[in-house]
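Notes follow once the structure below has been shown.
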Amino acid sequence: SRSHNAPLIHSYSQCLLQRCCLLCITAEPVCISGLLYHYPDRASIYHSLIINTSKEMMCFSDFPIPAHFPNYMHNSLIMDYFRMYADHFQLKRHIRFQTKVLHITPRPDFSHSGQWDVETESKDGRREKQVFDAVMVCTGHHCHPHLPLQDFPGINTFKGKFFHSRDYKNPEEWRGKRVVVIGIGNSGGDIAVELSRMAKQVYLSTRRGSWILNRVGDNGVPADMLFNKRMSNWLIQMLPVGFINNFGEKQLNKRFNHKLYGLQPAHRYFFSQHPTVNDDLPNRILSGTVSVKPNVQEFRGSSVVFEDGTVEDDIDLVVFATGYTFSFPFLSSHAIPVSKNKVSLYKYVYPPGLERPTLAVIGLIQPLGAIMPISEMQARWAARVFKGLCKLPPMSAMMKDIKAKEKAMAKRYVAAQRHTIQVDYIPYMDELAKQVGVCPPILKLLLTDPRLALNIIFGPCTPYQFRLHGPGRWDGARQAILTQWDRVNEPLKTRCTPEPQSQRSSHSLIFSVSVAALLSALYYSRASLHALIADPSSLLDKIRAFVPLPLTTQ
């Protein structure tokens, strides 16, 4: 038997963001034990992958990413950060790695105990059954590759190679080849750009198009730190949707004309589809190494026919960047029903039909922002619910909230498989923070700590804001907020640049002083005016003796 009263803090945080894992946690009198398994058939990454959220926006709320790390990190550095976090909080001793979770089923007395029977399989094939008080499902939404071959007639006649973007690793073997990439999400855009540096030609096929965002924002700072601000969020909520969309589209088209580049989406509004983050794609299109094409109509041997009637011959590779589906095969079907990538979860975390709230889903969201802090906040909330410190509302209230979110999403987004779990970063973080009791007290801070309050209002909504007070308060949160721009700047200071000395500005100053001296002399020596008119060079010679005038050059 296991106690419900042990603390549930930090033991899951290192694990919950590894999208290819299942984490079950149980409260014990002394510690928390976790089971972590990397499924070989789950999502993976390519070697060059760099994250598209900046380090200050994606870090855990009580453990800033080291200042010397780059603002947008390579995947290996993200793994280094996770290991640092695990070592700092001594988590590894609580995790059983390489342990596959086969089945999770509610115990016969679930209505009373809320406990689960969990069957696992170790690396050497040994099976074991254990009883757990609570379960967190952290598999995320990049679970099973979605490869809709039925939508592409003639694919069975294709003579080249094709695979899902999940299986793409590096571009070397495709040097000099002709490639079609289907899909313009973040993976499709990244892979098209990388292949275009090796391949003879890359064709990027898209059904709807996409708005392309930069990692690099104004003045070279991370763009997500400029966009994800509380003041900006308040303005977005207050101003008409049409105005916000028009403004956003104009800003994006200042960089390059999306219509001219063949990327302008079919839908009208900027906020109607999850955007694509890619700094390099416009340059690759401009240089001709990537050619944007409409949807693929059919395959004919080694040729690809597009919906506009154009045909590209001698295609060697097709990469299907067509997204993922998610499911929970280790759970009984009634626990979390999934249909066409749609799932009913209270605030995207809790199945509303369970008799006891001892099952939480972590990270099953598609945010306009970083997923790491959101997943951490979900886990903080789940821990308090498991311990009985937070209560969930009645099932009727949970269903009302679920339906409202579904209705709002259908109204805003283009109907697509990828738009079933969308959330906006700041509103959703605040929604969860209210459940935990850790929303930053902005009005109070305006009176007691105005410097901090102004940073919270006008600065980026970094995760540290949710450690200022309440459960899990961290003493270093204030300092982390006030120094966040220092950590942004540090990795960029790799070369000392001297202040430029402007000869022109110094000459201008000297000339201004000289003119002022001349006018003063004229004012106080009006009697000498006739002499100046007769011989002006004599006065200039006198002035030059005391104040050197700029030399004129031909």
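The values are calculated or read from the model by the stated rules, or taken from the named source; none is laboratory data. Because the structure is predicted, anything quoted here is derived from the model rather than measured. Cβ sites come from the backbone with ideal geometry, for glycine too, and all protein chains shown count toward neighbours. We work out accessible area using only protein heavy atoms, side chains counted, and drop any ligands, DNA or RNA first. Shrake-Rupley method; radii C 1.70, N 1.55, O 1.52, S 1.80 Å.
Of note:
- Once the convex hull of all Cα atoms in region 147-322 is built, its volume per residue stands at 127 Å³.
- Share of alpha-carbon pairs per 10 Å distance bin for region 355-408, given as whole %: 21, 45, 33, 1
- If R0 is taken as 35 Å, the Cβ-Cβ distance between Arg197 and His88 corresponds to a FRET efficiency of 0.40.
- Mean-position separation - Cα centroids, region 43-113 and region 285-346, in angstrom: 28 Å
- D_trans [Stokes-Einstein, Kirkwood Rh over alpha-carbon pairs] for region 71-208, 20 °C, 1.002 mPa s, µm² s⁻¹: 109 µm²/s
- A Förster distance of 30 Å, applied to the separation of the beta-carbon atoms of Met395 and Asn245, puts the FRET efficiency at 0.25.
- Stretchable slack from Asp167 to Arg96, in nm (0.36 nm times residue separation minus alpha-carbon distance): 22.8 nm
- For region 314-461, the mean projected area of the C-alpha convex hull, equal to one quarter of the hull surface, is 13.2 nm².
- Rounded FRET efficiency, nearest 0.05, which uses the C-beta distance separating Lys403 from His47 and R0 of 60 Å: 0.90
- Using 0.36 nm per residue and subtracting the Cα-Cα separation, the extra length available between Arg255 and Thr157 on full extension is 31.2 nm.
- A P(r) calculated from all alpha carbon pairs of region 283-332, with 5 Å bins opening at zero, reads 5, 14, 18, 19, 16, 8, 6, 6, 6, 3, 0 percent.
- Ranked packing of 52-63, 338-349, 83-94, most packed first, by mean Cβ within 10 Å: 52-63, 338-349, 83-94
- Heavy-atom accessible area, probed at 1.4 angstrom with all protein chains present, ranks Thr157, Thr358 as Thr157, Thr358, highest first.
- Protein-only accessible surface order, largest first, of Val216, Val101, Val221 at 1.4 Å: Val216, Val221, Val101
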